[in-house]
Amino acid sequence: ELMPSELIERFPRLKLMRSLVYMKTGRTKEARSLYEEVRRQTEDFTRDRDGGNDNALRLDSMIIDTTLLVNECRAADDEYLRRHEQTIRLISGDDDSFLGNAKILLCLTSHQKGHFPAALRYADECIIHYRRANALHGEIFGHLHKGVVHFATGQPKLALSDYQQARTLWHRHFGDDRTKLSLVTPLTMEVHYETGAQQPVLRKLRESYKGL
């Protein structure tokens with residue numbers, strides 16, 4: 001919101017970033033509307049501004065589109081996922097940060113559709129890419145998503161192992177950021193609760209929210 005609207009209007013990729021900001025602030029309908037506006041403006045994300053980068057625009061649009069699907073609680077169909085992954089392979093190069101973001105979104109959409117083996121594969125791939133990019137924040141979320149899939153497929157021990165890896169990364173690198181702990185602990189306690197280990201649940205939940 002600090003950038004002049006006149007400037008953003010000239011740059012389709014900036015408009016996509018504004019769409020992302022709308023999503024992060026709960027304005028999903030506005031985010032979708034702006035995304036579709038950019039689609040029309042750029043001939044389905046194939047023509048960036050003069051002097052721009054068509055491939056970068058295409059990749060940005062894919063990230064925003066998949067993020068919108070997740071925020072709208074809509075599962076992508078199989079053909080969408082196939083085309084999405086194919087395009088990523090063709091034009092993303094070796095940008096590990098981008099590939100990590102793309103694969104974690106593919107993990108989420110595959111999970112939504114109940115394609116659990118694919119979701120686990122994408123989770124593993126996103127963790128590798130984030131690790132190569134030294135994107136520790138993303139790596140934490142990769143472990144969390146992997147744990148959720150393991151738990152959904154009846155593998156609580158593997159889920160706890162995934163959550164512990166996320167917790168270790170948080171403790172080692174983000175010890176002052178308790179918001180991440182507030183994500184890890186409830187997921188861990190869910191496994192304990194569902195498997196009958198209920199004693200530590202309330203204590204751990206109080207610990208996770210202390211100081212927030």
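Given the structure, is Gly211 modelled with pLDDT under 60, on the phi > 0 side of the Ramachandran plot and open to solvent by 30 Å² or more (accessible area, probe 1.4 Å)? Write out each step before concluding.
On the way: modelled with pLDDT under 60: yes; on the phi > 0 side of the Ramachandran plot: yes; open to solvent by 30 Å² or more (accessible area, probe 1.4 Å): yes.
Yes; evaluated as a whole, the condition is true for this residue.
Of everything in the range 127-149 that's among the aliphatic types (A, V, I, L, M) and under 12 Å from Arg167 (Cα atoms), which residue is most open to solvent (accessible area, probe 1.4 Å)? Only one residue tops the list, namely Leu136. All of (1) open to solvent by less than 60 Å² (accessible area, probe 1.4 Å); (2) farther than 14 Å from Ala166 by Cβ; (3) over 13 Å from the mean Cα position of the chain (by Cα); (4) not charged (D, E, K, R) hold for Ala119 with one exception: (3). Provide a single number: the residues in the range 129-160 that are free of Cβ contacts under 8 Å to residues at least 12 places away in the same chain and assigned to a helix (DSSP H, G or I). The qualifying residues number 3.
Would you check if Ala102 is under 30 Å from Val38 (Cα atoms), small (Gly, Ala, Ser), open to solvent by less than 20 Å² (accessible area, probe 1.4 Å) and not in a helix (DSSP H, G or I)?
No; evaluated as a whole, the condition is false for this residue.
Residues of the range 18-47 that are among the charged types (D, E, K, R), open to solvent by less than 80 Å² (accessible area, probe 1.4 Å) and farther than 16 Å from Leu59 by Cα: Arg32, Glu37. In the condition set (1) in a helix (DSSP H, G or I); (2) under 24 Å from Gly100 (Cβ atoms), Leu34 is compliant with all but (2).
In the range 78-93, the count of residues that are closer than 25 Å to Phe141 by Cα and not in a helix (DSSP H, G or I) is one or more. Within the range 161-186, if we keep just the residues that are of a type in the set (D, E, K, R) and in a loop (DSSP other than H, G, I, E, B), the residue that is least open to solvent (accessible area, probe 1.4 Å) turns out to be Asp177.
Taking the options Ser97, Ser61, Ser92, name whichever one is open to solvent by less than 20 Å² (accessible area, probe 1.4 Å), within 19 Å of Ile128 (Cα to Cα) and polar (S, T, N, Q).
Ser92 is the lone residue from the list that is open to solvent by less than 20 Å² (accessible area, probe 1.4 Å), within 19 Å of Ile128 (Cα to Cα) and polar (S, T, N, Q).
Of the residues making up the range 1-17, just one is open to solvent by less than 40 Å² (accessible area, probe 1.4 Å) and at pLDDT below 95, namely Ile8. Those residues that are open to solvent by 100 Å² or more (accessible area, probe 1.4 Å) and either more than 15 Å from the chain's Cα centre (by Cα) or modelled with pLDDT under 80 (or both), I need them from the range 69-83; list them, please. Within the range 69-83, Arg82, Arg83 qualify.
The values are calculated or read from the model by the stated rules, or taken from the named source; none is laboratory data. Keep in mind the model is a prediction, meaning the values are calculated, not measured. Here Cβ is always computed from backbone atoms with ideal geometry, including for glycine, and neighbour counts include all displayed protein chains. Keep in mind that these areas ignore ligands, DNA and RNA; they rest on the heavy atoms of the full protein, side chains included. Shrake-Rupley method; radii C 1.70, N 1.55, O 1.52, S 1.80 Å.
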